[in-house]
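Trainee: After the structure tokens below, expect a handful of questions from me.
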Amino acid sequence: MVPSIHEVSKLKYLHQIIKETLRFNGPGFGTFRYTPVDVQWSGLTIPKNTTLALWNPQGTVSPATRQASMALTMLQLLVHRDPTIWGPDADSFDPDRWASGAPPPIPGSFFPFAYGTRKCLGMSRQSRNVTGDIQGVSAGQGLAMLEMSLTLATLFQRYNMEFEAGFEMEYLSSFTLCSKNGLPVRVKVRN
């Protein structure tokens, strides 16, 4: 039996695990934009047709980006593991960092679905509400969170899954983050 949306909305710890998975091993390396015109930003002129991999429009400009012809290159994987943002345990998988009452992330520092006006499309406020008001989830993330929650709740209800013993993921650099050495999982039907 597939869990209902109402049942899935009550699975707060599952939502915390999904969000921490998206932070710790997100789907992509970053979000890229380009400037169609010259842009003035934080005392810097970014020339027309510059490619940007921009993570936090409210953040500061590093000295490396002060050269006008250079692209800004803060990437998702680096930002999501930055100890100045996430604390000294940034390289640890900790779903409790998303628990109710935990401090929210700095705006723009968690962007598995992109950030700003061009974040993941096709989501409605209604899809956000059915997954509950999960801390840090924007309306642009609601449908994706709902789909992941329904899928995982259905799978975990029916199967036990574990990685093969000794498996350690090697990352493959591509547009999306994926495993170079596969993803060997053992699946057993639950009794």
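Trainee: Among the residues of the stretch 165-174, how many are out of contact with any Ser or Thr (no Cβ under 8 Å at 6 or more places or on another chain) and open to solvent by 80 Å² or more (accessible area, probe 1.4 Å)? Outline the logic, then answer.
Mentor: Here is the first cut: in the stretch 165-174, the residues out of contact with any Ser or Thr (no Cβ under 8 Å at 6 or more places or on another chain) are 165-168, 173-174.
With the extra rule that they be open to solvent by 80 Å² or more (accessible area, probe 1.4 Å), the set shrinks to 165, 168, 173.
Final tally of qualifying residues: 3.
Trainee: Right, Glu162: acidic (Asp, Glu), farther than 16 Å from Pro27 by Cα, at pLDDT 85 or above and not in a loop (DSSP other than H, G, I, E, B) or not? Explain how you work it out, then say what you get.
Mentor: Working: acidic (Asp, Glu): yes; farther than 16 Å from Pro27 by Cα: yes; at pLDDT 85 or above: yes; not in a loop (DSSP other than H, G, I, E, B): yes.
Judged against the criteria, Glu162 is a match.
Trainee: Here's another thing I want to ask about it. Name the single residue, out of those in the stretch 75-88 being open to solvent by less than 60 Å² (accessible area, probe 1.4 Å) and not aliphatic (A, V, I, L, M), that is modelled with the lowest pLDDT. Break it down stepwise before answering.
Mentor: Pass one, the stretch 75-88, residues open to solvent by less than 60 Å² (accessible area, probe 1.4 Å): 75-77, 79-82, 85-87.
Within this subset, residues satisfying the condition of being not aliphatic (A, V, I, L, M) are 76, 80-82, 86-87.
Values: Gln76: 76, His80: 88, Arg81: 88, Asp82: 88, Trp86: 93, Gly87: 92.
The selected residue is Gln76.
Trainee: OK, next. Looking at (1) at pLDDT 85 or above; (2) open to solvent by 50 Å² or more (accessible area, probe 1.4 Å); (3) part of a loop (DSSP other than H, G, I, E, B), which one does Glu147 not meet, given that it meets all the others?
Mentor: If we test Glu147 against (1) at pLDDT 85 or above; (2) open to solvent by 50 Å² or more (accessible area, probe 1.4 Å); (3) part of a loop (DSSP other than H, G, I, E, B), just (3) comes out false.
Trainee: Moving on. Select from the stretch 2-34 the residues that are open to solvent by 20 Å² or more (accessible area, probe 1.4 Å), modelled with pLDDT under 80 and assigned to a loop (DSSP other than H, G, I, E, B) and list them in ascending order.
Mentor: Pro27, Phe29, Thr31, Phe32
Trainee: Now for a different question. Return the residues of the stretch 35-74 that are under 17 Å from Phe111 (Cα atoms) and either modelled with pLDDT of 70 or more or not in a loop (DSSP other than H, G, I, E, B) (or both); say none if nothing qualifies.
Mentor: Those that are under 17 Å from Phe111 (Cα atoms) and either modelled with pLDDT of 70 or more or not in a loop (DSSP other than H, G, I, E, B) (or both): Leu52, Ala53, Thr73.
Trainee: Name the residue, out of Leu183, Leu177, Leu155, that is touching a residue at least 40 places away in the same chain (Cβ under 8 Å) and surrounded by 10 or more Cβ atoms within 10 Å (Cβ to Cβ).
Mentor: After ruling out the rest, the residue left standing is Leu177.
Trainee: Identify all residues within the stretch 84-104 that are over 22 Å from Lys10 (Cβ atoms), of a type outside the set (A, V, I, L, M, F, W, C) and in a loop (DSSP other than H, G, I, E, B); write none if there are none. Full working, then the answer.
Mentor: Within the stretch 84-104, the subset over 22 Å from Lys10 (Cβ atoms) is 84-93, 103.
Next, only the ones that are of a type outside the set (A, V, I, L, M, F, W, C) stay: 84, 87-89, 91-92, 103.
Listed by number, the residues that qualify are Gly87, Pro88, Asp89, Asp91, Ser92, Pro103.
The values are calculated or read from the model by the stated rules, or taken from the named source; none is laboratory data. Quick caveat, the model's predicted, so the values are computed rather than measured. Quick reminder, even Gly has a Cβ in these numbers, built from the backbone with ideal geometry, and neighbours come from all protein chains shown. Remember, those area values only see protein heavy atoms, side chains included, never the ligands or the DNA or RNA. Shrake-Rupley method; radii C 1.70, N 1.55, O 1.52, S 1.80 Å.
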